[in-house]
Structures are given as structure tokens and as C-alpha cells.
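Written below as C-alpha cells is the structure these notes are about.
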Amino acid sequence: DPALVLAAMRSGITECLVEPITRADAEAALWRVTMGGPGEPGEIFAFVGAKGGVGTTTLAVNTAVALSSAAGGTLLIDLNVAGGDAAILLGGDARFSVLDALANTHRADEAFFRGLLTSTPSGVPLLASPAAAFGSPIEPARLRALLEFTRQRYRHVVVDVPRNGSATREVLEAAS
């Protein structure tokens with residue numbers, strides 16, 4: 001109800017959870033209110049392999065699961081748009097991908113973004129790679145906007161980064 005939201009904002013409400021409320025959503029909201037607050041972004045951890053097949057995705061997935069278990073509020077982003085495997089390793093079935101998020105950075109809000117995430121048995125939400133290889137380069141401005149959006153909402157953002165392309169440099173520059 002827009003009138004209720006407006007009245008809540010005027011009363012000083014800074015957080016709102018949309019049903020169904022998950023544990024990760026509640027933990028992330030509590031962190032933002034009690035520890036993070038506006039202006040204190042979460043950390044971005046970037047994983048880049050020197051070549052294919054060295055276990056970078058495995059390290060990124062295991063780090064995201066460990067951070068989520070220890071501190072909650074963790075998101076995993078698979079930027080390997082030419083065939084990432086994070087969804088397979090986490091046992092998730094992705095309906096949407098990071099490309100959907102990048103294409104819609106202009107309308108990113110909490111509810112829309114949550115709809116793009118893949119739930120996984122480990123409890124780590126995943127912004128998965130696309131099912132089919134994507135050959136076009138990722139626009140740096142859109143990637144920066146996505147990273148900033150996620151670091152304002154999660155304590156830890158773990159990114160599995162391709163070893164070449166414009167996305168690699170953008171993520172490394174944003175990484176904590």
C-alpha cells in the first residue's frame with residue numbers, strides 16, 4: 001500500500017522486508033540497521049583465476065558459504081557469462097541471470113533484485129551466470145551500479161570473475 005509506505009517513511013522507517021521473509025533477508029536488514037547503516041557498504045571479494053580449470057569457482061562458492069555460515073548477509077555473483085558453474089556447485093536452478101540484473105540497473109529495487117536471485121540449499125543467494133554463453137562485453141557503468149547496489153544490501157558480496165574482459169577490471173577496482 002503506497003500510502004502506508006509513505007507514512008512509514010515519514011515516521012522514520014528505514015528498512016522494509018517483503019514477504020516471504022527469508023533468514024538471509026532478515027539478517028541483511030538487521031546488519032544494515034545495526035551495523036552497516038547507509039554509507040557503510042559491505043565488502044566485495046573477487047575471485048579471478050590465472051587460467052581456466054584452476055578451481056576459482058570452487059573457491060568463490062566455498063568462501064561464500066563459509067562467510068554466510070559465519071556472519072550471514074552474503075551474496076554470490078557469477079560473472080562468468082560464457083558458462084559459469086556456481087549454480088551447479090550450489091545446487092541451484094537459476095531462472096534469471098546476472099545479465100537480467102545488468103540490463104535493469106535503472107530499475108533496481110529490493111523486490112525486483114530479490115526476484116532475480118537463485119535460492120540454494122546452502123542458504124547463499126546466487127546471482128547466476130546465464131544458461132547460454134553471452135558474447136557481448138559487459139557495460140562497465142552497469143556493472144559498477146550493480147556492485148554498488150549489492151554492497152549496500154549485503155555484508156559480503158563474493159564475485160566469481162572471468163579472467164579477461166572489462167568486467168574483470170571493474171570488479172577488481174571495486175573489490176575490498
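The values are calculated or read from the model by the stated rules, or taken from the named source; none is laboratory data. None of these values were measured; they are calculated from a predicted model. Note: ideal-geometry Cβ built from the backbone for every residue, glycine included; neighbour counts use all protein chains shown. Just the protein is used for accessible areas: all its heavy atoms, side chains included, with ligands, DNA and RNA removed. Shrake-Rupley method; radii C 1.70, N 1.55, O 1.52, S 1.80 Å.
Looking across region 156-166, the residues that are touching a residue at least 12 places away in the same chain (Cβ under 8 Å) and either farther than 22 Å from Arg107 by Cα or surrounded by fewer than 22 Cβ atoms within 10 Å (Cβ to Cβ) (or both) come down to His156, Val158, Asp160, Val161, Pro162, Arg163, Gly165, Ser166.
Of all residues in region 123-155 being farther than 22 Å from Gly92 by Cβ and basic (Lys, Arg), which is least open to solvent (accessible area, probe 1.4 Å)? The residue in question is Arg142. You will find that of Val54, Val48, the residue that is out of contact with any helix residue (DSSP H, G or I) (no Cβ under 7 Å at 6 or more places or on another chain) and open to solvent by 50 Å² or more (accessible area, probe 1.4 Å) is Val54 and no other. If you go through region 105-121 and keep only what is open to solvent by less than 50 Å² (accessible area, probe 1.4 Å), more than 17 Å from Leu59 (Cβ to Cβ), modelled with pLDDT of 90 or more and in a loop (DSSP other than H, G, I, E, B), you end up with just Leu117.
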